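First the structure, in the form of structure tokens, and then the observations on it.
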Amino acid sequence: MNQLPAVPALGLMLAIPRERVQAMLEAQIAKGAELIREKAASPEAMAQLKKRSWDWTLETCNALKESFSSDLVSLWFSSNVFFQPSLKLNDFERDLDEFPPVIRGKIERLYGLNKVLLVIPEPPCGDFVAAQFHPRIYHCAWRPFELGHFGQAINACVKELEDTIKEVVAGNIQESGAALVKQAFDAETGFLCDKEATVAENQGVTDLLAGFMNRYYSMPPNSVLEIQSTARVLSVASYLMYVLDSRKPKKPEKEVAPVDFEFLKD
């Protein structure tokens, strides 16, 4: 039996949106269940099954590292599972007895995380951090920022801003970087140009976003940067993301016809 607690005693915090973590856990649980359902008929088949188990464990560990702010979650998942050892002398028969409890123990740990997922804080946490960082910028850049990969964090911000603009223009603009920004904010044909705002305001937003793209679009991911300057770049990217949110065209609300209930009629 798995003697470790269902959930590690850690101050957990999610590093990516909760829906993605839940989908990942459910997918890895399903893959683990497939390993248990398959019965090895020979030592060679058991060796292949063990290899698949190792690949599944490694894949799950990498997914947990991306999903939680602490690497201890993946270490807790991959730690030894305690079970009653088999007393059979044949190696193959002993593996047949011991393999299922090991996989079940790891699946139970994933189940435990999935059960408490709703109460694990999702970033950004706290009013101050939430006000400073846009959720999309936080989710894409906070993990590399914590690890000290500042160039990667800035690259993630730039890509997230560019992807947001491309979502709005829906493939109608093939440019990238600053050229994409200028066409998207064009006064006549731009999808993100606010017709109610002044020309100076639209031009100011365009110059600010295009300047950000020009400055950081081609930054090498291994750039040596200070933590203070990187944090300021993330704050600027968050502000620009909020600006894009305010410029997105609003979908017209569809009028819903009233429902006539037969039992209310005379």
- Report, by residue number, each residue of the stretch 139-158 that is part of a helix (DSSP H, G or I), within 16 Å of residue 229 (Cα to Cα) and touching a residue at least 40 places away in the same chain (Cβ under 8 Å). 141, 142, 145, 146, 150, 151, 152, 153, 154, 155, 157, 158
- Residues satisfying the stated conditions in the stretch 103-153, i.e. among the acidic types (Asp, Glu) and at pLDDT below 90: 122, 127, 146
- Item | Residues of the stretch 73-91 satisfying the condition of being buried (at least 16 other Cβ atoms within 10 Å of the Cβ) and either hydrophobic (A, V, I, L, M, F, W, C) or outside the structural domain of residue 58 (by TED's automatic domain parsing) (or both) | 73, 76, 77, 81, 83
- Condition set of a type outside the set (Gly, Ala, Ser) and in contact (Cβ under 8 Å) with a residue 40 or more places away in the chain, scope the stretch 229-238, selection nearest to residue 131 (Cα to Cα): answer is 234
- Query: If a residue has to be surrounded by fewer than 18 Cβ atoms within 10 Å (Cβ to Cβ) and either at pLDDT 90 or above or farther than 18 Å from residue 166 by Cα (or both) to count, how many in the stretch 189-209 make the cut?
  - Reply: 11
- Got at least one residue in the stretch 20-38 being assigned by TED's automatic domain parsing to the domain that holds residue 68 and assigned to a loop (DSSP other than H, G, I, E, B)? yes
- Pick from the stretch 212-228 the residues that are part of a helix (DSSP H, G or I) and either free of Cβ contacts under 8 Å to residues at least 24 places away in the same chain or touching a His at 6+ places or on another chain (Cβ under 9 Å) (or both): which of them is farthest from residue 155 (Cα to Cα)? 228
- Task: Taking residue 172 as meeting all but one of (1) without any contact (Cβ under 8 Å) to a residue 40 or more places away in the chain; (2) loosely packed, with under 12 Cβ neighbours inside 10 Å; (3) within 30 Å of residue 13 (Cβ to Cβ), write down the number of the exception.
- Result: (3)
- Item | Of residues in the stretch 154-188 being modelled with pLDDT under 85 and small (Gly, Ala, Ser), the one farthest from residue 198 (Cα to Cα) | 171
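The values are calculated or read from the model by the stated rules, or taken from the named source; none is laboratory data. Owing to the predicted nature of the structure, the values given are computational and were not obtained by experimental measurement. Cβ coordinates were reconstructed from backbone atoms using ideal geometry, including for glycine residues, and neighbour counts include every protein chain displayed.
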